[in-house]
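Single-structure report; data block below.
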Amino acid sequence: QVQFVESGGGLVQPGGSLRLSCAASGSIASGDGVDWYRQPPGKERELVAFITTSGSAFYAVAVEGRFTASRDNGKNTVYLHMINLQPEDTAVYYCHHRGLGTWGQGIQVTVSS
C-alpha cells in the first residue's frame, strides 16, 4: 500500500509563506488525483485544494489566489505552496489520494506573530 509522508510545516508570521510536501512511497502518477485538507483547532476537516493527475488544480474560496498545488510525478510528490498566510490558516494539513484512500500523517501549520 502506498503511504504518504508530509513535511514542510511549522510556525510562520502573518504574511509569510510555507511549502508543504507530500511524498508517496509508490507511484501516484495514474488514477485519481490528490486532495489537500486541513483541520483547524476545534473544527471539522475541510478540503482546501485538489490536483488532478495531469496537474490541474482547484481551490476552496478561502485559499484561492494564495495557495498553489503542484505535483512532480517523477518524484511521486505533491506540493502545496502557501503565501500570505493568515492566523485563520492555522491547522493540521493532510494530503489524501482519492483513488487509494491513503492519508498523510498530517502536519501542523501555525500562523502567529
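The values are calculated or read from the model by the stated rules, or taken from the named source; none is laboratory data. In this text, all values refer to a predicted model and were calculated from it rather than measured experimentally. For neighbour counting, all protein chains shown are included, and Cβ atoms are generated from backbone atoms with ideal geometry for every residue, glycine included. Ligands, DNA and RNA are stripped out before the accessible areas are found, and what is left, the full protein with its side chains, is counted by its heavy atoms. Shrake-Rupley method; radii C 1.70, N 1.55, O 1.52, S 1.80 Å.
Looking at GLY99, GLY31, which is the one that is assigned to a loop (DSSP other than H, G, I, E, B) and on the phi > 0 side of the Ramachandran plot? Break it down into steps so the answer makes sense when it comes.
On the way: GLY99 fails: on the phi > 0 side of the Ramachandran plot.
Selected residue: GLY31, the only one of GLY99, GLY31 that is assigned to a loop (DSSP other than H, G, I, E, B) and on the phi > 0 side of the Ramachandran plot.
Among LEU11, LEU20, which is the only one that is assigned to a strand (DSSP E or B), in contact (Cβ under 8 Å) with a residue 40 or more places away in the chain and loosely packed, with under 13 Cβ neighbours inside 10 Å? So that I can check it myself, show each step before the final result.
On the way: LEU20 fails: loosely packed, with under 13 Cβ neighbours inside 10 Å.
Just one listed residue meets the conditions, LEU11.
Of everything in the stretch 34-59, what is open to solvent by 70 Å² or more (accessible area, probe 1.4 Å) and part of a loop (DSSP other than H, G, I, E, B)? Give them in sequence order.
Scanning the stretch 34-59 gives PRO41, GLY42, LYS43, GLU44, ARG45, SER54.
Looking at ALA62, is it open to solvent by less than 70 Å² (accessible area, probe 1.4 Å), in a strand (DSSP E or B), out of contact with any helix residue (DSSP H, G or I) (no Cβ under 7 Å at 6 or more places or on another chain) and modelled with pLDDT of 95 or more?
Numbers: open to solvent by less than 70 Å² (accessible area, probe 1.4 Å): yes; in a strand (DSSP E or B): no; out of contact with any helix residue (DSSP H, G or I) (no Cβ under 7 Å at 6 or more places or on another chain): yes; modelled with pLDDT of 95 or more: yes.
No.
Conditions (1) more than 22 Å from LYS43 (Cβ to Cβ); (2) out of contact with any strand residue (DSSP E or B) (no Cβ under 7 Å at 6 or more places or on another chain); (3) free of Cβ contacts under 8 Å to residues at least 60 places away in the same chain; (4) not small (Gly, Ala, Ser), marked per residue:
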{"site": "ALA57", "(1), (2), (3), (4)": "yes, no, yes, no"}
{"site": "VAL61", "(1), (2), (3), (4)": "no, yes, yes, yes"}
{"site": "ARG66", "(1), (2), (3), (4)": "no, no, yes, yes"}
{"site": "ALA69", "(1), (2), (3), (4)": "no, no, yes, no"}
{"site": "ASP72", "(1), (2), (3), (4)": "yes, yes, yes, yes"}
{"site": "GLN86", "(1), (2), (3), (4)": "no, no, no, yes"}
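Out of GLY104, GLY99, report the one residue that is closer than 14 Å to ALA24 by Cβ and either touching a Leu at 6+ places or on another chain (Cβ under 6 Å) or crowded, with 21+ Cβ neighbours inside 10 Å (or both). Give the derivation first.
Values: GLY99 fails: either touching a Leu at 6+ places or on another chain (Cβ under 6 Å) or crowded, with 21+ Cβ neighbours inside 10 Å (or both).
Every option except GLY104 fails the conditions.
So how many residues does the stretch 65-96 have that are part of a helix (DSSP H, G or I) and either open to solvent by less than 70 Å² (accessible area, probe 1.4 Å) or in contact with a His (Cβ under 8 Å, 6 or more places away or on another chain) (or both)?
Going residue by residue through the stretch 65-96, those that are part of a helix (DSSP H, G or I) are 73-75, 87-89.
Subset that is either open to solvent by less than 70 Å² (accessible area, probe 1.4 Å) or in contact with a His (Cβ under 8 Å, 6 or more places away or on another chain) (or both): 73, 87, 89.
The qualifying residues number 3.
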